[in-house]
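One structure below.
Each reported figure results from applying straightforward, stated rules to the coordinates on display, with no laboratory input. These numbers come from a predicted model, not from an experiment. Because the Cβ atoms are built from the backbone with ideal geometry, glycine has one as well, and the counts that use them run over all protein chains shown.
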Amino acid sequence: MAVETEAATPGLALAETDINWHRLDKTRFHIIGAILFTAQSALLHPTAVVKTRMQVDGSGLSHMRGISVFRHILKSDGIPGLFRGFGTSAIGSLPGRVLALTSLEVSKDMMFKYTKHLDMPETTRVGIANGVAGLFSNLVCCAYYVPLDVVCQRLMVQGLPGTAYCSGPFDVVHKVMKAEGFRGMYRGFGLTAVTQSPAYALWWGVYGAAQHMIWRSLDYRENTERKPSHVEMATVQASAGMVAGACSSVITTPIDTVKTRLQVMDNYGAGRPSVMKTAKTLLKEDGWRGFYRGFGPRFFNMSLYGTTMIVTYELIKRLSLKQA
């Protein structure tokens, strides 16, 4: 990702990783991407359920360790409990994945072209291009994913205090629309757009910087003829993705906690829930530590997600190359 164009990588001798938008078979890219990212989401979904329950629940789970919450869900609800909301998320995410992948690659390709003749270090240029692409892609996707988040997270926290019971995704939509109208499906939209977009830019920026540092430490420097093996590339990309995910989780968990509660809670008294009301309630309940409820599972989720996502993404691009 941070090694995408020939102009961006001559010093590291990584030109074989130059897989840009114009070199991809778009149909294969989206089909393979949908399959592999859905499989990846299935592996990580239980950590999202644990994190969400820790952030929302007021009956004891919020003060338990992530592994204890995991065992509690497994004991009380079995395997299905760890996958609440997954079907809705998996099916609902398919159009979103097409939107996300397309906007990311197109905007990245455009940024590389626009910065081609600027006088700046290649590392900076790559970081800017990746960061802007991540920012733009997230903004485009927010309009689609926020309502899906509202539905999925409400399904994840079924039966917890302060939440309304819903029999399925369509029941969630019906009850939210009945209570608050279309606006209710976009609870947390402003918070998501304002906070996640910079977070995505941060993720891609950290990923690019971390990957560059790792390549340099492995002595892939200017004018070298060494070429990295496929194993080396996967290892470096996975390591950089893990670092990016870990850094992002530390910075974004407080906002994610507020957003999650804002999207799923229904007992905040008179009036429509707001960011300030939700934050004040959380602060009153558990002090500043409350903003890091679910940090362990989120840290693990984002670190693992960053690692698997970037390796999966690079694999998708290699499998989607146009046939000569």
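With respect to the chain, whose longest principal axis is taken over its alpha-carbon atoms, helix 169-180 is tilted by about 70°. Look at the dipole of the chain built from charges on Cβ: of Leu118, Ser41, Gly241, the Cα furthest out on the positive end belongs to Ser41.
When the helix-only estimate is applied to the chain (DSSP H runs of n ≥ 4, each -39,500 (n - 2.57), divided by the residue count), what is the mean residue ellipticity at 222 nm, nearest 500 deg cm²/dmol?
Working: 9 runs with 225 residues, N = 324.
-24500 deg cm²/dmol, from helical runs alone.
Close amide H pairs (under 5 Å, H built 1.01 Å from N) link Leu321 with Asp25, residues at least 5 positions away or on another chain. Axis angle, to the nearest 10 degrees, between helix 66-82 and the longest C-alpha principal axis of the chain: 80 degrees. In degrees, nearest 10, range 0 to 90: what is the angle between the Cα axis of helix 86-114 and the longest Cα principal axis of the chain? Helix 86-114 sits roughly 40 degrees off the main axis of the chain.
Amide H contacts under 5 Å for Lys227: none, restricted to partners 5 or more places along the chain or on a different chain, H placed in the peptide plane at 1.01 Å from N. Here the Gaussian network model covers the chain, with springs between Cα atoms less than 10 Å apart; of Phe182, Phe70, Phe29, Phe182 fluctuates the most.
Hey, what did the chain get for relative contact order, percent, Cα under 8 Å, at least 6 apart? Write out the running numbers ahead of the final one.
Working: 454 pairs, mean separation 93.7, N = 324.
Relative contact order, the chain: 29 percent.
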